[in-house]
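The values are calculated or read from the model by the stated rules, or taken from the named source; none is laboratory data. None of the values given here were measured: they were computed from a predicted structure. Reconstructed Cβ throughout: ideal geometry from the backbone, glycine too, with neighbour counts over all protein chains shown.
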Amino acid sequence: MRYFSIALLLLCFMPAVYSDDSGAPPIVYADLIIHGGPIISMDPALPKLEAVAVANGRILATGQRQQIEALRGISTRDLDLDGNTLVPGFIDGHSHFSMAVSAATWANLSGAPVGAVSNIADVVAELQAQSKLNGTAPGEWLVGYGYDADTLTNGRQMTRYDLDVAFPDIPVIAIHVSFHGAVLNSRALAAIGYDETTLTPEGGIIVRKEGTNEPLGLVMETAWFPAARSLPKPEGAARLENLRLAQAFYAKSGVTTAQDGATSLKDFNFYKEAASRGELYLDLVAVGSFDSIPGFVAEKAQYQDYNGRLKLGGIKILADGSPQGKTAYFTQPYLTGGPGGEEDWRGEPMMQQADMDSLVQAVYGAGMRGFIHANADAAVDMVLSAHAKHVKLAGSDPRTVIIHSQFIRPDQLAAYARYGMVPSFFSNHAFFWGDVHVENLGEERAYYLSPMKSAADLGLHFTNHNDYIVTPMDQLFTVWSAVNRVSRTGKIIGPEQRISPEQALKAITLDGAWQYGEESSKGSISPGKLADLVVLSGNPLTVDPMLIKDIQVLATYKEGQQIYPADNQSPALFD
């Protein structure tokens, strides 16, 4: 009976409860019994399970098959895994859910394996095809995402002139793969008011035509904000339909708790309306943008816990840019200069230390959690300094999340542990830009990318993410990248920082729940927790580690209800 347990706390609201006049405890019957394959509980107290019983959206019991069968009633459904693997629902450590809602009409400008672009001509062709599909009229915006000069055979950045030939009357935004900038054509630059008289804003980059002050097309960080605000978004019924499609997209990857990693007040109001109408079937954690702190503070009381599956997780603050865009803020310079040819370039912070201090004070003082984007060590220094100044406001268990934490130092990891911070790592970088980082930073810094092994050795709770739309929404690929750290060319980017498959899975399940303060209700297949579950075609703990990325999500369950496949029909394997 060691691994058999029933959550007695559920008895008060279970629908299938039967009792008689004998005075014996009532019998609680399961809505669903799952068996027939490996079950990875992620609960150290439940290492070997044969079956799981689900009732009223929660895990009723776990244990040996014979014991669980005692909970079968006349209406209990059966799920035979047929040798496939059951794991807890995946918890999104950091992504941009709003991009899945908006990007349905955007062109994919990514290089392989995400897209088919290999040169600037391909970029133009993809944009032309999307323009035709959209029926873009003169003056209407055309958007592409995933543009990455490092994957192009041209050996240079695309310019406004490359786009102007094909799009003389349409404003075009080719979003950089980092989502921290874009290449704009002349119509787009004019639409946001950029010309040779435009000053470069603090914390921003406007690449200029050599020998002139004329913008060449690439804008980054704060200089790209006006273009970002111009991105077209669906409205009305189309936006609501895209919300449904976005949830299906996340569920297909096994995600049961999603994050919108930089939510505007306008988007939050849209999510509120959808939540009130029962349109959310995933749990959605919105992280409010730092430019609207008073507005989000006003929402705190109603959304600090899930309300219609919508939760306000905290406030997003940007400390620096992206390493692949060469705008992450380092204490030591890049080896290859800046994005505009700058020498002795270390990147730039998004704001001065005093501004960071004020924002952290405002967030903590409002009783809200900080989700702070910081990629490189100089930016992390700023965050740690601000936290130290206002640590008393943060409370006894702040769990401040440092998003990305990619190129940090061992002493900074130790500070994370001291302050109870949660690094949300981004191990996909090892594959997509590991080779680029080695060139730009040298092996010593590049190999310490997302130092998960060091974090685990310190006992830190850490998460891992794909930062969708920056890299694909593929949770098994994220696990694979953390375990193998293999680059596009096959180089291992920091072999000493590889972690075990179990540690990598924990980062998107149990520690994902920890990040949101939900470890008592999510993250493991434990009695009393929500029945958020995923069925996989293989066991990530036992397959060849290099094959983890090839494991498929066969089904996703949110609180015991199948949400993927979307038609609610069991995959053929379960028929």
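Of the strands (runs of 3 or more DSSP E) lying entirely inside the stretch 155-220, those containing at least 1 residues that are farther than 24 Å from Ala121 by Cα span 204-208.
The single condition among (1) outside the structural domain of Trp433 (by TED's automatic domain parsing); (2) of a type in the set (A, V, I, L, M, F, W, C); (3) assigned to a helix (DSSP H, G or I) that Ala513 does not satisfy is (1). Among the residues of the stretch 58-110, those that are among the β-branched types (Val, Ile, Thr) and closer than 30 Å to Phe179 by Cα comprise Ile91, Val101, Thr105. Tell me yes or no: at least one residue of the stretch 317-333 is out of contact with any Lys or Arg (no Cβ under 9 Å at 6 or more places or on another chain), part of a loop (DSSP other than H, G, I, E, B) and over 15 Å from Gln406 (Cα atoms). Among the residues of the stretch 317-333, not one is out of contact with any Lys or Arg (no Cβ under 9 Å at 6 or more places or on another chain), part of a loop (DSSP other than H, G, I, E, B) and over 15 Å from Gln406 (Cα atoms), which makes the answer no. Restricting attention to the stretch 511-528, the residues that are among the hydrophobic types (A, V, I, L, M, F, W, C) and either on the phi > 0 side of the Ramachandran plot or surrounded by fewer than 22 Cβ atoms within 10 Å (Cβ to Cβ) (or both) total 1. Of the residues making up the stretch 230-252, none is touching a residue at least 12 places away in the same chain (Cβ under 8 Å), on the phi < 0 side of the Ramachandran plot and assigned to a strand (DSSP E or B). Name the residue that is nearest to Ala262 (Cα to Cα), counting only residues in the stretch 306-316 that are in a loop (DSSP other than H, G, I, E, B) and touching a residue at least 24 places away in the same chain (Cβ under 8 Å). Step by step, filter the stretch 306-316, then rank; the result is Arg309.
Scanning the stretch 39-53 for residues that are closer than 17 Å to Phe90 by Cβ and in a loop (DSSP other than H, G, I, E, B) turns up Ile40, Ser41, Met42, Asp43.
Count of the stretch 529-557 residues, restricted to those that are in contact with a helix residue (DSSP H, G or I) (Cβ under 6 Å, 6 or more places away or on another chain), under 17 Å from Pro47 (Cα atoms) and surrounded by fewer than 20 Cβ atoms within 10 Å (Cβ to Cβ), is 1. Among the residues making up the stretch 134-156, those that are surrounded by fewer than 18 Cβ atoms within 10 Å (Cβ to Cβ) and more than 15 Å from Pro234 (Cα to Cα) are Ala137, Pro138, Gly139, Asp150, Thr153, Asn154, Gly155, Arg156.
None of Val183, Val124, Val101, Val172 is surrounded by 19 or more Cβ atoms within 10 Å (Cβ to Cβ) and modelled with pLDDT under 95 except Val101. Note on the stretch 241-284: among residues that are among the basic types (Lys, Arg) and closer than 26 Å to Pro88 by Cβ, the one that is nearest to the chain's Cα centre (by Cα) is Lys252.
From the list Gly314, Gly347, Gly308, Gly325, the one residue that fits, being in the same structural domain as Val401 (by TED's automatic domain parsing) and at pLDDT below 95, is Gly325. In summary, Asp467 fulfils each of the numbered conditions (1) closer than 29 Å to Lys311 by Cα; (2) modelled with pLDDT under 95 with the single exception of condition (2).
Every condition in (1) farther than 28 Å from Arg369 by Cα; (2) under 19 Å from the mean Cα position of the chain (by Cα); (3) among the acidic types (Asp, Glu) holds for Asp467 except the one numbered (1). State yes or no: is Asp164 in contact with a Ser or Thr (Cβ under 6 Å, 6 or more places away or on another chain) and free of Cβ contacts under 8 Å to residues at least 60 places away in the same chain? Criteria met by Asp164. Residues of the stretch 400-423 that are assigned to a loop (DSSP other than H, G, I, E, B) and either more than 20 Å from His465 (Cα to Cα) or free of Cβ contacts under 8 Å to residues at least 40 places away in the same chain (or both): Thr400, Arg409, Gly420, Met421.
Scanning the stretch 424-436 for residues that are buried (at least 23 other Cβ atoms within 10 Å of the Cβ) and either free of Cβ contacts under 8 Å to residues at least 40 places away in the same chain or more than 18 Å from the chain's Cα centre (by Cα) (or both) returns a single hit, Gly434. Selection of the stretch 63-88 for residues being within 30 Å of the chain's Cα centre (by Cα) and in a strand (DSSP E or B) yields Leu79, Thr85, Leu86, Val87, Pro88.
Conditions (1) surrounded by fewer than 18 Cβ atoms within 10 Å (Cβ to Cβ); (2) not assigned by TED's automatic domain parsing to the domain that holds Leu60; (3) not in a helix (DSSP H, G or I), marked per residue:
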position: Asn440; (1), (2), (3): no, yes, no
position: Asp467; (1), (2), (3): no, yes, yes
position: Glu496; (1), (2), (3): yes, yes, no
position: Leu505; (1), (2), (3): no, yes, no
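Screening the stretch 340-363 for residues that are crowded, with 23+ Cβ neighbours inside 10 Å and of a type outside the set (A, V, I, L, M) and picking the one that is nearest to Gly517 (Cα to Cα) gives Pro349. Can you find a residue in the stretch 376-388 that is over 25 Å from Gln324 (Cα atoms), aliphatic (A, V, I, L, M) and touching a Ser or Thr at 6+ places or on another chain (Cβ under 9 Å)? Yes: the stretch 376-388 contains one or more residues that are over 25 Å from Gln324 (Cα atoms), aliphatic (A, V, I, L, M) and touching a Ser or Thr at 6+ places or on another chain (Cβ under 9 Å). Within the stretch 204-221, is even one residue of a type in the set (Val, Ile, Thr), touching a helix residue (DSSP H, G or I) at 6+ places or on another chain (Cβ under 9 Å) and more than 24 Å from Phe432 (Cβ to Cβ)? Scanning the stretch 204-221, I find at least one residue that is of a type in the set (Val, Ile, Thr), touching a helix residue (DSSP H, G or I) at 6+ places or on another chain (Cβ under 9 Å) and more than 24 Å from Phe432 (Cβ to Cβ), so the answer is yes. With respect to the conditions (1) outside any helix (DSSP H, G or I); (2) aliphatic (A, V, I, L, M); (3) closer than 26 Å to Gly146 by Cβ, Leu460 falls short on a single one, namely (3).
Looking across the stretch 364-399 at every residue that is basic (Lys, Arg) and touching a residue at least 12 places away in the same chain (Cβ under 8 Å), the one that is surrounded by the most Cβ atoms within 10 Å (Cβ to Cβ) is identified as Arg369. The single residue among Tyr306, Tyr271, Tyr281 that is surrounded by 23 or more Cβ atoms within 10 Å (Cβ to Cβ) and closer than 25 Å to Asn464 by Cβ turns out to be Tyr271.
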